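The values are calculated or read from the model by the stated rules, or taken from the named source; none is laboratory data. Note that this is a predicted model, so its numbers are computed, not measured. In this analysis, Cβ positions are derived from the backbone assuming ideal geometry, glycine residues included, and neighbour counts consider all displayed protein chains. Side chains are part of the model used for accessible areas, which takes the heavy atoms of the whole protein and leaves out ligands, DNA and RNA. Shrake-Rupley method; radii C 1.70, N 1.55, O 1.52, S 1.80 Å.
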Amino acid sequence: MTTAERPLVTTSTLGLGRSDSAATLVRAAGAQAPAAPASAEATSTLSMHSMHVERLAAGFGRFTAVDDITHTIPARTITAIIGPSGSGKSTFLRCLNRMHEEVTGAWAKGSVRLGSEDIYAARIDPVQVRRRVGMVFQKPNPFPTMSIYDNVAAGLRLNQWGRVPTLDEKVERALQQAALWDEVKDKLFQPGAALSGGQQQRLCIARALAVEPEILLMDEPASALDPIATLRIEELMRNLVRNYTIVIVTHNMQQAARVSDRTAFLMMDDDRAGRLVEQGPTDEIFTRPRDKRTEDYITGRFG
């Protein structure tokens, strides 16, 4: 290998979706170019802790997508966010690393605490939040003009880690963590977009892991993959949870039951806002739900 705050109302000209731009993906990787290093205070407050969401509401313009959500995400667990389409799962997920505010007309209020620190506090740099809380999108989206190596190194370089002599080692470590190293170690400088769909998604996971986040957000990461590639992603999540906290949005009830430690069920209310109906250990949610709406959803009576 060669070296190579709150309430919050924010608008941006940048929109998010299946065709996320390269700039958006860099933001998701916790990088901006070029940026002065964050203060030691701002960085040190975001250490490995549980994440606690308190009375979170978020939406777009006059529309409220999620409302009054209070939820705790324990460290080093996999939490599955489930619910019917339109219940605000992805909006909720993007609020956890302040990606939601990148959407034109987006707003959020409430608090999201990592340990004792509110990530929406005025002194907290959102770029640093996104480095600590990484994100993997629904559709594999490697940077199309970059090699496999450069895809993984992109966040590191844009965080001004590119001059560190250990860049090669960091890239290799991220690819190993993503269970991709053995498949690509002999073609690191070939285009990342030339990989299969499942490999591309693992490359995107490696890109997120390279900047050493504490929490990894995954928005339906296997929805565009075949069953075998889906299984690889699920196995990877179970391995990663030893060192990372993972939050996954999924429509696949079997997947939620297989991979998650805890599950949160969101459902659209009469005002079309998504609200948290129930949360708890996954085995309890799937076998002994307290709310009939939860039982009806997981048994396929609606959704």
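With respect to L93, determine if the residue is assigned to a helix (DSSP H, G or I), of a type outside the set (K, R), surrounded by fewer than 24 Cβ atoms within 10 Å (Cβ to Cβ) and touching a helix residue (DSSP H, G or I) at 6+ places or on another chain (Cβ under 6 Å). It is false that L93 is assigned to a helix (DSSP H, G or I), of a type outside the set (K, R), surrounded by fewer than 24 Cβ atoms within 10 Å (Cβ to Cβ) and touching a helix residue (DSSP H, G or I) at 6+ places or on another chain (Cβ under 6 Å).
Being farther than 27 Å from C204 by Cα and at pLDDT 95 or above is the filter; apply it to the range 35-58 and report the residue that is most open to solvent (accessible area, probe 1.4 Å). If we take residues in the range 35-58 being farther than 27 Å from C204 by Cα and at pLDDT 95 or above, then R55 is most open to solvent (accessible area, probe 1.4 Å).
Please indicate, with yes or no, whether at least one residue in the range 198-216 is over 16 Å from the mean Cα position of the chain (by Cα), open to solvent by 60 Å² or more (accessible area, probe 1.4 Å) and more than 20 Å from V241 (Cβ to Cβ). No: zero hits. Taking each residue of the range 161-182 that is over 19 Å from R131 (Cβ atoms) and looking for partners that are at pLDDT below 85 and open to solvent by 20 Å² or more (accessible area, probe 1.4 Å) with beta-carbon atoms closer than 9 Å, six or more apart or interchain, yields P165/T3; D168/M1; D168/T2; D168/T3; D168/A4; E172/M1.
Conditions (1) open to solvent by less than 10 Å² (accessible area, probe 1.4 Å); (2) part of a loop (DSSP other than H, G, I, E, B), marked per residue:
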| site | (1), (2) |
| --- | --- |
| M237 | yes, no |
| N243 | no, yes |
| A257 | no, no |
| L266 | yes, no |
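Checking I298, I285, I233 one by one, the residue that is open to solvent by less than 60 Å² (accessible area, probe 1.4 Å) and touching a strand residue (DSSP E or B) at 6+ places or on another chain (Cβ under 7 Å) is I285 and no other.
Checked against (1) open to solvent by 10 Å² or more (accessible area, probe 1.4 Å); (2) within 29 Å of T230 (Cβ to Cβ); (3) modelled with pLDDT of 95 or more, K109 passes all but a single condition, namely (2). For the structure I just gave you, tell me whether R207 is over 22 Å from G155 (Cα atoms) and either among the charged types (D, E, K, R) or not in a loop (DSSP other than H, G, I, E, B) (or both). The answer is no for R207.
Inside the range 112-161, residues that are outside any loop (DSSP other than H, G, I, E, B) and open to solvent by less than 20 Å² (accessible area, probe 1.4 Å) make up a count of 19. Q32 falls short on exactly one of the conditions (1) more than 21 Å from Y297 (Cβ to Cβ); (2) modelled with pLDDT of 50 or more; (3) part of a loop (DSSP other than H, G, I, E, B); (4) open to solvent by 50 Å² or more (accessible area, probe 1.4 Å), and that condition is (2). Candidates in the range 174-194 are the residues that are open to solvent by less than 50 Å² (accessible area, probe 1.4 Å) and in a loop (DSSP other than H, G, I, E, B); of these, the one that is nearest to L209 (Cα to Cα) is A178.
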